[in-house]
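Colleague: One structure coming up, written as structure tokens, with questions to follow.
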Amino acid sequence: MRVTLAVDAGDAAGALDDLYAWLRQDPDLRVLVRREVSATPPSGAMGALGELVSLLLAPGGPTAALGAAVVVWLQGRRGTQTVTLSLPDGTQVVVSSEKVRGLTAEGASELAEQVAAALRQDRHPPAAQGTQGTQRPRETQGVQETRGTAEDDGRVGPSRDAG
């Protein structure tokens, strides 16, 4: 699974360089992290094509390490910054520094797990015997997942508005 990361910040290029360096420090991620030039500008972007960070994760790969690395990196950032993790099917997981800065260690750990679950696309846990698997996605703090361009009101799971 290919995961592409983009950073929205005042100095997006500098922030992306910092995120790349941060991910390269993680032993589980360092060999998976690559820089690449965006084939298409990010949604809403104007001007020249930007640089992205991408990871190629095997099924069952280190999504937990990636989720934790992004959350911890954002906690240490100044100003408002957003990391968008994009999957090939159009799913985007958005994490903002505004939402993670005040989290406790437990809250940051839970958020990292929610990011990892969204990347693994664990949207609905297996249904208990005799029930239908139609549970609503969990409400989250700090994570917003979108599919295509439809917003999902901060819930992890597929957008009900996207096709």
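Read the figures in this text as sums done on the coordinates, not as results from a lab. Everything quoted here is computed from the prediction, not taken from an experiment. Positions of Cβ are generated from backbone atoms using ideal geometry, with glycine treated the same way; all protein chains shown enter the neighbour counts.
Colleague: Each residue of the stretch 90-97 in order: what ³J(HN,Hα) in whole Hz does its phi give by Karplus 6.51 cos²θ - 1.76 cosθ + 1.60, θ = phi - 60°, with x for Gly and Pro?
Modeller: Each residue's phi maps through the Karplus curve to give x, 5, 10, 10, 10, 10, 10, 4 Hz.
Colleague: With each label point set 7 Å from Cα along the Cα-Cβ vector, what nm distance links residue 37 and residue 11?
Modeller: Distance between label points: 2.4 nm.
Colleague: Run the quick spin-label model on residue 54 and residue 24: label points 7 Å from Cα toward the beta carbon, then report their separation in nm to one decimal.
Modeller: Taking the two extended label points, one gets 1.8 nm.
Colleague: Still on this structure: Between residue 1 and residue 72, what is the label-point separation in nm under the 7 Å Cα-to-beta-carbon projection?
Modeller: Each label point is offset 7 Å from its Cα along the Cβ direction, giving 2.1 nm.
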